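Following: one structure in C-alpha cells, then a few remarks.
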Amino acid sequence: MSNWSMPAASRMETLGAGTGEGVTVTASAAANAKGSYATLGTAGLSYSGFVLQMLPANSGKYRVDVAINTGGSDQVIVEDWLIDATSSGASRSVQNLWLPIAIPSGAAVKARCQAATGSHALRVLLTGYAQDFPGFPGFRALRSLTTFSATEAPTVTQNGTTQTATWQEFSATPLAEPVAALYFAVSTGGDNARTTSRWLAEVASGASGSEVSRLILQGAQNTTDITPGVWGPFPAMLPPSTRLSFKVQCQAAAVDTFGLAAYGLIP
C-alpha cells in the first residue's frame, strides 16, 4: 500500500503587510454595520488556501468578511467571522485562521468588518499558498451557520459543573449547502465579570429532540476572557440544511453568559 505524504506548499505570499502592521480594516461609523472593503492586495499565485491573521485595534466585538474580485462583483469567501475582543487580555491577541479556500491568481483580495462600536478597526494580513502536486484545488468558501444578533452569537448561561439542559441552536434557518468541515468562534456574550473556569462545549446535529453529538470543544475563561478564539477545521460531511446546536459544562461553579458561533467549509 502506498504511503502518501501531505502535499507541500513551496510557494507562498503575504498580502496586506505595511509598516509594522497589517492593513487597517475599519467598521462603519454606525454600530453593527459593515464598513467599506479595504484591499489587502492582488493574488500573484493561484492559492490552494490561506492563513488569515486578524488583530483587533480596539476592544469590542467584530464580524469580519473576506471577499475576492476577478473583474465582476465582490464574492464573499469568508462570511461573518466573529472576534470578541471586549477585554484587554488574551482576546486582543492575533487570531490565526487556516482556510483551505481557493483564490485564483490575479484576484483582488479584500476585507471589511462591522463592530459593536462604530469606527473600530482591525489589522489584517493574509498569507496564501500554492500546493505542489498532488495538492487539491481548495474549497469554495467559509459560510456562517449562525444567526447573529448585531455582533453577538447565540448564547447560553453556564450551569456550573452541570451541563446546560437545553440544546441551543446556532440558527433556525440552517445553510442550504453541504458542509465539509466545521469551525467555531467563542464570545463572552457581553459578560466580562466571569468566574475562572475550564469548560467543554458539546456540539450536536439533528432536529430538536433528536440531536446527535458530533464533537466537543475545550476552552478556559478567566475573570474577563474566554479562550481560545478559534477552533477548526473539524472534518464533518454534513448534508444541506443540517441543524446544529450546543450545550456547555464547566469544571467550576461558573454561571456566566457563553456565546458560540459556527461556520461551515463549503465544497
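The values are calculated or read from the model by the stated rules, or taken from the named source; none is laboratory data. All values reported here derive from a predicted model rather than from experimental measurement. In this analysis, Cβ positions are derived from the backbone assuming ideal geometry, glycine residues included, and neighbour counts consider all displayed protein chains.
A few notes on this one:
- Of all the residues in region 183-207, those that are farther than 21 Å from SER149 by Cα, touching a strand residue (DSSP E or B) at 6+ places or on another chain (Cβ under 9 Å) and of a type outside the set (Lys, Arg) number 9.
- Selection within region 209-243: residues that are in contact with a Gly (Cβ under 9 Å, 6 or more places away or on another chain) and among the aliphatic types (A, V, I, L, M). The member of this set that is surrounded by the most Cβ atoms within 10 Å (Cβ to Cβ) is ILE226.
- Only one of the listed residues (THR173, THR196) is at pLDDT below 95, within 22 Å of the chain's Cα centre (by Cα) and outside the structural domain of VAL23 (by TED's automatic domain parsing). That residue is THR173.
- Considering residues of region 204-233 that are of a type in the set (Val, Ile, Thr) and closer than 22 Å to VAL51 by Cβ only, the residue farthest from the chain's Cα centre (by Cα): THR227
- Qualifying residue in region 227-242 (condition: free of Cβ contacts under 8 Å to residues at least 12 places away in the same chain, of a type in the set (S, T, N, Q) and either assigned to a strand (DSSP E or B) or closer than 18 Å to THR147 by Cα (or both)): no
- A single member of ALA181, ALA193, ALA201, ALA252 is in contact (Cβ under 8 Å) with a residue 24 or more places away in the chain, part of a loop (DSSP other than H, G, I, E, B) and closer than 23 Å to ARG63 by Cα, and it is ALA193.
- Residue match in region 91-98 (condition: in the same structural domain as MET54 (by TED's automatic domain parsing), under 20 Å from THR257 (Cα atoms) and not in a strand (DSSP E or B)): yes
- Selection from region 38-69 of residues that are assigned to a loop (DSSP other than H, G, I, E, B) and at pLDDT 95 or above: ALA43, GLY44
- Among the residues of region 105-136, the ones that are in a loop (DSSP other than H, G, I, E, B) and either in contact with a Leu (Cβ under 9 Å, 6 or more places away or on another chain) or over 12 Å from PHE50 (Cα atoms) (or both) come to 13 in all.
- Test: residue in region 127-136 that is modelled with pLDDT of 95 or more and surrounded by fewer than 18 Cβ atoms within 10 Å (Cβ to Cβ): no
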